[in-house]
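The values are calculated or read from the model by the stated rules, or taken from the named source; none is laboratory data. Nothing here was measured: the structure is a model prediction, and the numbers come from that model. We place every Cβ from the backbone using ideal geometry, glycine too, and count neighbours over all the protein chains shown. Note: areas computed on protein heavy atoms with side chains; ligands, DNA, RNA excluded. Shrake-Rupley method; radii C 1.70, N 1.55, O 1.52, S 1.80 Å.
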Amino acid sequence: MKVKTCAETVDIRNGARFVEMRIAGVPFMGMSVMEALSEPEVEVRSDGSRYYSWQAINMETGNVVNYGVCDEALGYAPKLYDISSPLVAAWLRKRGYSFSDEEGEILSTDAGREEIRTVETVVSAAEDDMCGKDAESAAVESVPQKQETQPGADKDEYRDIGCGVVSLLGDGSFTLLNMATGKRRMFVSASGRVLVDDSEIDVERIHRRFKHCGCVDDRYVRYWFGRYSDFKEGFCALAWTIYPDGQYFADEDGFGGEDNDEEQIYCIINTNLDIVVPFRPMDDVKEELRRVVLRAKQNEDGF
């Protein structure tokens, strides 16, 4: 049975294999080969949407996974790929996977070989220098930054942000994970609490610059928190909107708005997920990052 997922339409049937990508933008680090254990069951809901559910086993771990996909909510569906997808084929070839005769026929066409070569070239470029390039430009897909982290978000996302660091988003939280060291740090909890020490936020300087500092005093995300930039040369900037542009408060007719600019503060972190420049106003974040990178190169300890 053909089932449409967040990534592509996949043929799900008993014994058929497919691949799930768990970490968007890190295809060779977050993919698992699955084998369906049943045909999908289809439930037609009162609103006319269809919900497909089935079980599959992870061929590496042996764990059984319950899958569910609603055709009217694909944004929340898992990222599944057909076993003969060029992205999957490139990954499986790197792992020495033995394709079946049926899979081999699909991949042996001129078009299939060309697609695989293209995917391998793009992903290899990202793997060769994840710390020195804009990883998202080489990733399979990209998502607008302002969709990244907002209170009340109920969809989990995993995104490569360079230098081997991945952002984990969901339920309003914001966590970073260093894939090489395994170090994980939560910067914003699911309830919206900003988890930083006093030394990691320059409250005095923020109060001198801005009028609306309630979010800072409460250590709480009411509007937005996320990346200003990906990691490059070992550092990344995070941004925290502590008060939005005045038009945020206007109704659909334009009434009720306030006459103020957006108030935003920034910090700079390293790949160890330490805040090396505390949250504070920054007029030129790119210049601040440049100075931090330069200072890190001059010091043997990395900063």
Report, by residue number, each residue of region 175-218 that is open to solvent by 40 Å² or more (accessible area, probe 1.4 Å), closer than 24 Å to D274 by Cβ and assigned to a loop (DSSP other than H, G, I, E, B). M179, A180, T181, G182, K183, A190, S191, L195, D197, D202
Write out, first by first residue and then by second, each pair whose Cβ atoms fall under 8 Å of each other, whose residues are 6+ apart or on separate chains, and whose first residue, in region 281-303, is farther than 15 Å from C236 by Cβ while the second is surrounded by 11 or more Cβ atoms within 10 Å (Cβ to Cβ) and at pLDDT below 90. R295/F303
Would you mention how many residues in region 228-263 are at pLDDT 90 or above and open to solvent by less than 30 Å² (accessible area, probe 1.4 Å)? 12
Within region 52-80, take every residue that is touching an Asp or Glu at 6+ places or on another chain (Cβ under 7 Å), among the aliphatic types (A, V, I, L, M) and open to solvent by less than 30 Å² (accessible area, probe 1.4 Å) and give me the one that is nearest to R159 (Cα to Cα). L80
